[in-house]
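> Okay, handing you the structure first.
The values are calculated or read from the model by the stated rules, or taken from the named source; none is laboratory data. Just so it is clear, the structure is predicted and the values come from calculations on it, not from any experiment. We place every Cβ from the backbone using ideal geometry, glycine too, and count neighbours over all the protein chains shown. Surface accessibility is based on the protein's heavy atoms, side chains included, excluding ligands, DNA and RNA. Shrake-Rupley method; radii C 1.70, N 1.55, O 1.52, S 1.80 Å.
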Amino acid sequence: FEQWKNVKNYAHEKGIQIVGDIPIYVAFDSADTWANPELFQLDENNLPVAVAGCPPDGFSATGQLWGNPLYRWDYHRSTGYEWWLSRLSTVTSCTM
């Protein structure tokens with residue numbers, strides 16, 4: 001965070017604005033999935049029940065299977081989207 005803050009401040013001093021994003025999905029083997037399995041569609045062995053991807057299109061005749069575990073949106077709703085708000089507040093604090 002300190003290095004990022006230094007780069008961001010330097011860029012802003014030069015009149016450069018930085019635009020970034022945050023991934024929607026997390027990796028199956030990420031710390032988020034390991035520490036919060038209840039957030040994802042996992043079975044009793046913590047293996048994904050369903051994973052992210054996209055259907056066939058003009059760029060890929062067979063579609064793509066990304067392997068990221070899908071979220072349990074019912075659970076997120078029941079917590080008031082606490083995990084998402086925390087995740088986004090960390091990103092926001094790094095960009096201000």
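> If I go through segment 1-34 residue by residue, how many of them are open to solvent by 80 Å² or more (accessible area, probe 1.4 Å), charged (D, E, K, R) and either closer than 16 Å to Gly67 by Cβ or touching a residue at least 60 places away in the same chain (Cβ under 8 Å) (or both)?
Summing the residues that are open to solvent by 80 Å² or more (accessible area, probe 1.4 Å), charged (D, E, K, R) and either closer than 16 Å to Gly67 by Cβ or touching a residue at least 60 places away in the same chain (Cβ under 8 Å) (or both) in segment 1-34 gives 2.
> Moving on. Among all residue pairs at least 6 apart or on different chains, which show Cβ distances below 8 Å where the first residue, located in segment 35-61, is closer than 16 Å to Ile24 by Cβ and the second is among the hydroxyl-bearing types (Ser, Thr, Tyr) and surrounded by 10 or more Cβ atoms within 10 Å (Cβ to Cβ)?
Going by the 8 Å Cβ cut-off, the qualifying pairs are Leu39/Thr33; Leu39/Tyr71; Leu39/Tyr75; Phe40/Thr33; Phe40/Tyr71; Gln41/Tyr71; Ala52/Tyr25; Cys54/Ser60.
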